[in-house]
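First the structure, in the form of structure tokens, and then the observations on it.
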Amino acid sequence: RSSIRLNGRAYSSDCSGLVRAVYATHQIDLYGGLGDLDGGNGVGRIYTHVMQRGSIHYGPTVRPGDVVFFHNTWDFNGDGLPNDPLTHVGVVEQVERDGTVIFVSWVSSGVERYRMNLQRPDVHKAGNGRILNDYLRRKGVGDHPTTRYLTGQLFAAFGTLFR
């Protein structure tokens, strides 16, 4: 789909819009009480909301419904360097026995499912061909040499709002 609509309300067609819509199904407004955007992005607003009303953590306990945040998934400030905090967000769908987190997020093609294994953040595929970490950032011609691309490499934090 090219847009996100829930109960007649339109959300931005991006990762923060998808996460907002998911949480709206639980009557949680992830932008509630935060005021104007002031040059930031929706991911930063969601992060602030979770900090104020839930908890930010780095695992190891992760559950479906948790929010997952990423840094440096694109060059938000346009300076050509991988120095862009909180540029992407998704919702945890499940956690596999080996710790691989499966989450959903909105990308340019719409809603996609991704995998992330924080025990092996630099590994795309295991020896048996199983994907451990999907590519989340597109490679660009002018990328800085320290640019990272895999979900485990770009991971910033998890957020929990309810249990």
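The values are calculated or read from the model by the stated rules, or taken from the named source; none is laboratory data. Because the structure is predicted, anything quoted here is derived from the model rather than measured. Reconstructed Cβ throughout: ideal geometry from the backbone, glycine too, with neighbour counts over all protein chains shown. These area figures cover heavy atoms from the full protein model, side chains too; ligands, DNA and RNA do not enter into them. Shrake-Rupley method; radii C 1.70, N 1.55, O 1.52, S 1.80 Å.
Could you tell me the accessible area of residue 124 in Å² (1.4 Å probe, neighbours in place), rounded to the nearest ten?
Answer for residue 124: close to 50 Å² accessible.
Carbon and sulfur: what percent of the chain's accessible surface (1.4 Å probe)? List each step's numbers first, then the result.
On the way: 4360 of 8810 Å².
That fraction is 49 percent.
I'd like the FRET efficiency for residue 124 and residue 83, computed as 1/(1 + (r/R0)^6) with the beta carbon distance as r and R0 of 30 Å, rounded to 0.05.
About 0.80, to the nearest 0.05.
May I ask which residue of 62, 4, 128 lies farthest towards the positive end of the charge dipole of region 2-145, with charges of +1 (Lys, Arg) and -1 (Asp, Glu) on Cβ and the Cα centre as origin?
128
Note down the nm distance, to one decimal, between modelled labels 7 Å out along Cα→Cβ at residue 139 and at residue 57.
With each label point 7 Å from Cα toward Cβ, the separation is 3.7 nm.
Provide 125, 139 ordered by accessible surface of protein heavy atoms (probe 1.4 Å), highest first.
The ordering from most to least exposed comes out as 139, 125.
Calculate the dipole size of region 1-133 relative to its Cα centre from +1 charges on Lys and Arg beta carbons and -1 charges on Asp and Glu beta carbons; express the result in debye to the nearest 20.
560
Using the basic label-point model (7 angstrom from Cα toward the beta carbon), what is the residue 108 to residue 146 distance in nanometres?
The modelled label-to-label distance comes out at 2.6 nm.
Could you tell me the distance between the Cα centroids of region 61-123 and region 128-163, to the nearest Å?
About 6 Å separates the Cα centre of region 61-123 from the one of region 128-163.
Could you list the chymotrypsin sites (Phe, Trp or Tyr not before Pro) in region 73-162 that lie in coil according to DSSP, counting only those with at most 11 other Cβ atoms within 10 Å of their Cβ?
162
Over the chain, give the accessible area per residue in Å² for a 1.4 Å probe, as an integer. List each step's numbers first, then the result.
Details: 8810 Å² over 163 residues.
The answer is 54 Å² per residue.
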